[in-house]
Amino acid sequence: QVRLVVAKICELAMAAPGKALDMTELLGGYASDFVCRAVLGESHRKHGRNELFRELTEISASLLGGFNLEDYFPRLANLDVFLRVVCSKAMGVSKRWDNLFNELIAEYEHGKEDNAEDFVHLLLSLKKEYGLSTDNVKAILVNMFEAAIETSFLVLEYSMAELINNRHVMAKVQKEVRESTPKGEKLDLIMEEDLSRMPYLKATIKEAMRIHPPAPFLLPHFSTNDCEVNGYTIPAGTRVIVNAWALARDPSHWERAEEFYPERFLQEGRDAEVDMYGKDIRFVPFGAGRRICAGATFAIATVEVMLANLIYHFDWELPSEMEAIGAKVDMTDQFGMTLRRTERLHLVPKIYK
Ligand code: HEM
């Protein structure tokens with residue numbers, strides 16, 4: 001999938017040098033394609049399916065993050081008229097997910113690729129052993145798409161946006177990536193195994209996730225037992241929301257908290273080597289504990305390899321009219337379950353020879 005994105009950018013850059021590309025579209029497409037490929041296997045190639053999954057994921061994320069009247073007036077949720085009026089959009093999306101999965105599961109159950117190794121085949125093969133109903137399978141699949149596409153895309157988009165706004169960091173990452181490849185030889189593609197020689201690239205992605213955690217409040221949790229936190233009693237059955245965004249920007253716990261500063265993870269000091277997989281409460285972009293993100297290492301691998309290739313193969317600039325006035329990418333975020341920039345990201349690639 002990375003190879004396809006690189007080839008597409010090369011093609012567009014050669015066809016219209018200096019023209020800005022819609023990176024939001026390109027990177028969103030990459031995330032949706034790699035997730036669909038892992039989850040659906042060969043069927044991901046079926047025309048229009050990747051786009052459909054991406055569209056449904058985006059609508060679901062905006063619905064989940066919106067204001068929910070029933071959270072404030074729970075009894076309303078039992079009224080039929082409430083469900084029909086207020087939840088009509090959610091029910092419409094739910095129906096579309098359902099139809100898509102019915103089609104998909106029927107195809108797989110009657111398909112020929114019995115030894116395929118994709119996620120849907122695996123789930124269906126375990127259905128009997130684990131007593132999973134078809135609805136269980138559908139729920140797990142929706143989970144995978146909602147959890148994987150938007151989040152991975154956001155880390156990539158924010159990383160590129162921060163790099164273009166902080167050109168000294170861009171220059172440093174680019175130097176590292178280009179110097180860690182064999183001298184005098186232009187690689188076709190940077191592979192996952194090359195990434196171990198790129199600590200600064202890794203720190204840059206980590207820093208992008210610190211300032212812009214894709215899921216700023218993680219997922220809502222539900223306390224199962226009464227417990228005490230900082231002298232407050234939290235009764236069992238409370239909806240608990242963790243503000244990972246605020247934890248990662250707290251100036252009493254971070255040096256230069258508001259600054260995009262990847263060096264913090266590599267230099268000596270209190271921010272050095274902060275873990276991002278749930279061991280350090282200052283920084284929990286994937287959550288922590290039993291419900292920690294199930295795809296964290298997969299996500300990081302796919303994001304790192306894509307970013308390394310973007311930086312290796314191309315030099316990047318803002319559209320000429322923005323460069324001329326020294327403008328920056330607007331980092332204004334919009335409200336939702338995931339943290340998303342309001343504007344699309346447009347950048348101009350120049351092929352590195
Ligand atoms: C950089 C990208 C990603 C970020 C930042 C991210 C972040 C998160 C967060 C914050 C949670 C909720 C944890 C909690 O509430 O404690 C979560 C859950 C989850 N994530 Fe990710 N995620 C990413 C990519 C992925 C990918 C690529 C996959 C699948 C391949 C995935 C699969 C899941 C699943 C299945 C859950 C639900 C786990 C559960 O509830 O038991 N995520 N993720």
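The values are calculated or read from the model by the stated rules, or taken from the named source; none is laboratory data. Quick caveat: nothing in here was measured; it's all calculated off a predicted structure. Every residue, glycine among them, receives a Cβ derived from its backbone with ideal geometry; neighbour counts consider all protein chains shown. Note: areas computed on protein heavy atoms with side chains; ligands, DNA, RNA excluded. Shrake-Rupley method; radii C 1.70, N 1.55, O 1.52, S 1.80 Å.
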request  = Return the total of residues in the stretch 326-353 being in a strand (DSSP E or B), open to solvent by less than 60 Å² (accessible area, probe 1.4 Å) and touching a Pro at 6+ places or on another chain (Cβ under 7 Å).
outcome  = 1
All positions within the stretch 200-247 that are away from the ligand (no atom under 11 Å from the Cβ), β-branched (Val, Ile, Thr) and within 20 Å of residue 276 (Cβ to Cβ) = 204, 211
note = Contact list, first residue from the stretch 179-199 and of a type in the set (D, E, K, R), second anywhere and outside any helix (DSSP H, G or I) and surrounded by 10 or more Cβ atoms within 10 Å (Cβ to Cβ), beta-carbon distance below 6 Å, six or more apart or interchain, is 197/180
note = Taking the stretch 189-246 and keeping only residues that are in contact with a Ser or Thr (Cβ under 8 Å, 6 or more places away or on another chain), open to solvent by 60 Å² or more (accessible area, probe 1.4 Å) and assigned to a helix (DSSP H, G or I), one is left with 197
query = Would you say residue 270 is more than 15 Å from the ligand (Cβ to nearest atom), open to solvent by less than 40 Å² (accessible area, probe 1.4 Å) and either assigned to a loop (DSSP other than H, G, I, E, B) or out of contact with any Ser or Thr (no Cβ under 6 Å at 6 or more places or on another chain) (or both)?
reply = no
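Taking the stretch 276-299 on its own, how many of its residues are open to solvent by 40 Å² or more (accessible area, probe 1.4 Å) and not basic (Lys, Arg)?
Of the stretch 276-299, the ones open to solvent by 40 Å² or more (accessible area, probe 1.4 Å) are 277, 279, 281-282, 288-294, 297-298.
Remaining after also requiring not basic (Lys, Arg): 277, 281, 288-289, 292-294, 297-298.
So the count comes out to 9.
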key: Test set (1) under 30 Å from residue 220 (Cα atoms); (2) open to solvent by 20 Å² or more (accessible area, probe 1.4 Å); (3) among the acidic types (Asp, Glu) - residue 317 fails condition number   = (1)
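Just a yes or no: is a residue in the stretch 300-312 within 9 Å of the ligand (Cβ to nearest atom), over 30 Å from residue 187 (Cα atoms) and surrounded by 21 or more Cβ atoms within 10 Å (Cβ to Cβ)? Full working, then the answer.
Of the stretch 300-312, the ones within 9 Å of the ligand (Cβ to nearest atom) are 300, 302-303.
When the remaining residues are screened for being over 30 Å from residue 187 (Cα atoms), the result is none.
Scanning the stretch 300-312 turns up no residue that is within 9 Å of the ligand (Cβ to nearest atom), over 30 Å from residue 187 (Cα atoms) and surrounded by 21 or more Cβ atoms within 10 Å (Cβ to Cβ).
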